[in-house]
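Asks: Would you mind keeping the following structure in view while I ask a few things?
The values are calculated or read from the model by the stated rules, or taken from the named source; none is laboratory data. These numbers were taken from a predicted model, which means no experiment stands behind them. When we count neighbours, we look across all protein chains shown, and the Cβ atoms used for this are built from the backbone with ideal geometry, even at glycine. Ligands, DNA and RNA are excluded from the accessible area calculation, which covers all protein heavy atoms including side chains. Shrake-Rupley method; radii C 1.70, N 1.55, O 1.52, S 1.80 Å.
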Amino acid sequence: MSERKLKMKDIMEEDIIVLSAVPLQGTTILPGMVVHFDIQGRAAKLGIAAAMRHQAELFFVVKKDGKEEKENTLKNEDLREIGTIAKIRQVRQVSPDAVRVVAEGSSRAKLCRITQTDPYMECEVALIPEDDTVLDPEIEEAMVRTLQGLFAEYMANQTKVTQETAARIKKEENLSELCRMLSVELPITWKQRQRMLEALTKEARYEVVCGILMHEIGILKIQQEIQGKVKERVDKNQREYILREQIKVIREELGDEGVDTEADEFEKKLDALDVSEEVMEKLHREIDRFRRMNPMFAEMNVQRTYLETVFELPWGKKTEDSDDLARAEEILEEDHYGLKDVKERILEFLSVRILTNKGKSPILCLVGPPGTGKTSIAKSVARALNKKYVRICLGGVYDEAQIRGHRRTYVGALPGDLTGALRTAKVSNPLVLLDEIDKTGKDIKGDVSSALLEVLDPEQNSRFVDHYVEVPQDLSEVLFIATANDINGIPRPLRDRMEIVEIPGYSENEKLHIAKEHLIPKQKQENGIDKGCLVIQDSALRRMINNYTKESGVRSLERLIGRICRKTARRILSDGEDKVKVTGKNLDEFLGKSRYTYLMANKKNQVGIVRGLAWTQFGGDTMEIEVNIMPGKGEVAMTGQLGDIMKESAKAGVSYIRSVAKDYHIDPEFFGRNDLHIHIPEGAVPKDGPSAGITMATAMLSAITGRPVHADVAMTGEITLRGRVLAIGGLREKLLAAKYAHLKKILVPKDNRPDIEEMDKEITEGLEIVFVSEMEEVLAHALCAKKH
């Protein structure tokens, strides 16, 4: 066989001719096959015209799958290697743009190279001679009988081939001619004919035709089997119809015809739904069960409620989301001041979806202190994207059934909150706000956070199954936004499924803008105050922010503004005032005396007193750390309700000071003859964390050496035994607290430099921020040269 192939190769290289070529899409011509097809391309029509003028022969070759290039840009690798030389029998104009060609295939040829593509395609092709190998007569007869047997089986299952053609095929005894007749006459695809064209030997063509016949026979058998099942089902449905009509008559006689009416209504609703086959079968069974129930049984009401609930779900109904990026940005800026990261992430999602016409909905978790606008931003996002908005509050939820629903075996069973949210929204792509996700719990009824794992996993939530509904629901197009105050309250696996977006506390300037642009107009409208009847000056707002509230958000500030509006309404009605003006000086008349005072910077440098910076759930704060030295036995006392981590930081500071005592001229016997007492005021407030490490170490060294600490210096950072200063968190809030306290120089760990660089200028403006990496640097900036 290999010797014969080599010989054919040699012949092909010698018998090279140049012919006009027409590339075809989805049509294969075999030798001896007459076909007609329409040609529209300019280059193809010119090629046919050239062939008609010269030799009336063309080379037809099929494009490879997926190649849609224009004819003048086609290359050798875009076309099949084997094509057909055909004679043009007839060309007829059928429309202004198309001609109908009748061609008869004459021989196979191999495409060598494309010689030109403009104005029409010409190719060098090598003629492939017909295989003249003489097979063993017994082998050839066996092949012929096999093909005729398969053809007979094929004819027994279809009627597409005429009886005349079938008779000619049954009489044919030449293997090559039989293969040719079968490949031409059988209704097979162009790909199967291309395989036949590329088979160059008798044996190869025999194998291809055998494979095609066996494939077609298998397909025909499957079709017959399917048709038989369809017929059987139709007969069964007719039988069921007759039986149902009889049951209907019986129920009418008994006065139970209402059940059938309801069941028919459910059937109509089901037929109108666009659901999967799995859901369709399940609901058909439930409707049949409802139809067979006795109206006297209470279970019938349970079944009716279930069906009504299922049909109220938005199976495939969606709202068309807005793709207007400019409008979305305008709405987000209009509704909220600040919150740059959240707005940017939503606009990124919208941009990706516009470019790809899809895009997975992000699962965002907004983490920040209370009152910073986490819940309200979700409403704005829904409005910006033109989505329905549904809120699910998870605070204090302990029962897993709140998420997954109750099983119908229980009395009073209901679907879960997620199914309820879709039912309320009436669309399958709403925005669902999972509020207070850090406040879920677990008990003997299950773990709510574990139930949320499937809901918030984009790879799984496309087939979420509520225990009550019992059929898969697609949550993949729901935009989930979760809110939390403390990220540590969210279990790690659940946190991993969400994109965390930090929402820090607002600065004084941001609160001022929010109050003027949002809170004051809102409270005026709610309390019926006309636009010109009340003026609240900036000085009054700043006093309210600093002396009447102590929070990261603006909730308390809004309540205070509402209180001023109510007092204004009374003055307008009772005292007849036309206009009320609230200033920093008369604010006490509306709100009473100030509730909070910030611990301002000390006026003079002191020994053993250092100002530290702290983070709380209400924002940043400053705290004074005091250290006293007294005769004793080397003990260290710590008061002020300090946590374990803070106590460990103090001990690390003591160890560091003892290790560098010689550098600061401290008597080695000092630590054995004296006690240290570390105290942080406001003892009723628990304090913990490592960020006060350098502050406590500085206060202790100041008290031991007698060197005062600069009054306008504050610091934050974790200390190690070797005196290194490590990075800390909550830096934004701490710097805001330092500004309120009128502190000038802030010592910050060097590793926190990226956090400082990301902050707005209004936060760092007016502060001298010094980056430190060693305690020597801290002490150099904090301690005075001598006691004043």
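Asks: (1) open to solvent by 30 Å² or more (accessible area, probe 1.4 Å); (2) farther than 17 Å from Met33 by Cα: which one isn't true of Ser176, the others all being true?
Replies: Evaluating Ser176 over (1) open to solvent by 30 Å² or more (accessible area, probe 1.4 Å); (2) farther than 17 Å from Met33 by Cα leaves (2) as the failure.
Conditions tested, residue by residue: (1) at pLDDT 90 or above; (2) buried (at least 18 other Cβ atoms within 10 Å of the Cβ).
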{"residue": "Pro708", "(1), (2)": "yes, yes"}
{"residue": "Val713", "(1), (2)": "yes, yes"}
{"residue": "Leu726", "(1), (2)": "yes, no"}
{"residue": "Leu736", "(1), (2)": "no, yes"}
{"residue": "Ala741", "(1), (2)": "no, yes"}
{"residue": "Glu765", "(1), (2)": "no, no"}
{"residue": "Ile769", "(1), (2)": "yes, no"}
{"residue": "Ser773", "(1), (2)": "yes, no"}
{"residue": "Leu779", "(1), (2)": "yes, yes"}
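Asks: Moving on. Please indicate, with yes or no, whether at least one residue in segment 74-91 is open to solvent by less than 40 Å² (accessible area, probe 1.4 Å), part of a helix (DSSP H, G or I) and farther than 29 Å from Glu216 by Cβ.
Replies: yes
Asks: If you don't mind, another one. Quick one: what pairs do we get from segment 453-471, first residue polar (S, T, N, Q) and open to solvent by 40 Å² or more (accessible area, probe 1.4 Å), second assigned to a loop (DSSP other than H, G, I, E, B) and at pLDDT below 80, C-beta under 9 Å, 6+ apart or different chains?
Replies: none
Asks: Within segment 138-163, track down each residue that is of a type in the set (D, E, K, R), within 57 Å of the chain's Cα centre (by Cα) and not in a loop (DSSP other than H, G, I, E, B).
Replies: Residue satisfying the conditions is Glu153 alone.
Asks: Being more than 30 Å from Ser20 (Cβ to Cβ), among the polar types (S, T, N, Q) and surrounded by fewer than 17 Cβ atoms within 10 Å (Cβ to Cβ) is the requirement here; does Gln158 meet it?
Replies: Yes, satisfied.
Asks: Here's something else I'd like to know. Please pick out the residue among Arg753, Arg707, Arg732 that is over 29 Å from Ile503 (Cβ atoms) and among the charged types (D, E, K, R).
Replies: Just one listed residue meets the conditions, Arg707.
Asks: Looking at Thr309, Thr319, can you tell me which residue is part of a loop (DSSP other than H, G, I, E, B) and within 24 Å of Ser476 (Cα to Cα)? Steps first, answer last, please.
Replies: Numbers: Thr309 fails: part of a loop (DSSP other than H, G, I, E, B).
On inspection, the qualifying residue turns out to be Thr319.
Asks: Among Ile222, Ile217, Ile226, which is in contact with a helix residue (DSSP H, G or I) (Cβ under 6 Å, 6 or more places away or on another chain), closer than 30 Å to Asn157 by Cα and at pLDDT 70 or above?
Replies: On inspection, the qualifying residue turns out to be Ile217.
Asks: If you go through segment 305-334, how many residues are closer than 26 Å to Thr261 by Cα and crowded, with 17+ Cβ neighbours inside 10 Å?
Replies: 7
Asks: Using the structure shown, decide if Glu232 is part of a helix (DSSP H, G or I) and modelled with pLDDT under 80. Walk me through it before giving the result.
Replies: Values: part of a helix (DSSP H, G or I): yes; modelled with pLDDT under 80: yes.
Judged against the criteria, Glu232 is a match.
Asks: Return the residues of segment 282-304 that are without any contact (Cβ under 8 Å) to a residue 24 or more places away in the chain and over 24 Å from Gln246 (Cα atoms); say none if nothing qualifies.
Replies: Ala298, Glu299, Asn301
Asks: Return the residue satisfying two criteria in turn: it lies in segment 20-52 and is of a type outside the set (A, V, I, L, M), closer than 15 Å to Gln194 by Cα and open to solvent by less than 30 Å² (accessible area, probe 1.4 Å), and of such residues it is farthest from the chain's Cα centre (by Cα).
Replies: Looking at the filtered set, the residue picked out is Pro31.
Asks: Would you check if Tyr337 is over 21 Å from the mean Cα position of the chain (by Cα), in contact (Cβ under 8 Å) with a residue 12 or more places away in the chain and either assigned to a loop (DSSP other than H, G, I, E, B) or surrounded by fewer than 16 Cβ atoms within 10 Å (Cβ to Cβ) (or both)?
Replies: Numbers: over 21 Å from the mean Cα position of the chain (by Cα): yes; in contact (Cβ under 8 Å) with a residue 12 or more places away in the chain: yes; either assigned to a loop (DSSP other than H, G, I, E, B) or surrounded by fewer than 16 Cβ atoms within 10 Å (Cβ to Cβ) (or both): yes.
Answer is yes for this residue.
Asks: While we're here: Which residue pairs have Cβ atoms closer than 7 Å, lie 6 or more positions apart in sequence or on different chains, and pair a first residue in segment 96-116 that is without any contact (Cβ under 8 Å) to a residue 24 or more places away in the chain and over 13 Å from Leu127 (Cα atoms) with a second residue that is open to solvent by 10 Å² or more (accessible area, probe 1.4 Å) and part of a strand (DSSP E or B)?
Replies: Taking only residues 6 or more apart or on different chains, the pairs are Gln116/Glu122.
Asks: Determine whether Leu135 is more than 56 Å from the chain's Cα centre (by Cα) and within 19 Å of Val34 (Cβ to Cβ).
Replies: no
Asks: Of all the helices (runs of 4 or more DSSP H) wholly in segment 713-764, which have at least 3 residues that are of a type in the set (D, E, K, R) and under 14 Å from Gly505 (Cα atoms)?
Replies: Of the helices (runs of 4 or more DSSP H) lying wholly inside segment 713-764, those with at least 3 residues that are of a type in the set (D, E, K, R) and under 14 Å from Gly505 (Cα atoms) span 731-740.
Asks: Met196 - would you say it is over 24 Å from Val35 (Cβ atoms) and touching a residue at least 40 places away in the same chain (Cβ under 8 Å)?
Replies: Numbers: over 24 Å from Val35 (Cβ atoms): no; touching a residue at least 40 places away in the same chain (Cβ under 8 Å): yes.
When the stated conditions are applied, Met196 does not pass them.
Asks: What's the total number of residues in segment 355-411 that are open to solvent by less than 20 Å² (accessible area, probe 1.4 Å) and among the polar types (S, T, N, Q)?
Replies: So the count comes out to 2.
Asks: Which count do you get for residues in segment 475-492 that are without any contact (Cβ under 8 Å) to a residue 60 or more places away in the chain and open to solvent by 70 Å² or more (accessible area, probe 1.4 Å)?
Replies: 2
Asks: Follow-up question, since we're still on this one. May I ask you to list pairs of residues, at least six apart or on different chains, whose Cβ atoms are under 8 Å apart, with the first in segment 162-191 being at negative phi and the second being of a type in the set (Phe, Trp, Tyr) and open to solvent by 20 Å² or more (accessible area, probe 1.4 Å)?
Replies: Matching pairs, first to second residue: Leu175/Tyr206; Cys179/Tyr206.
Asks: Which condition does Ile217 not pass, out of (1) in contact (Cβ under 8 Å) with a residue 24 or more places away in the chain; (2) farther than 13 Å from Phe151 by Cβ, if it passes all the others?
Replies: (2)
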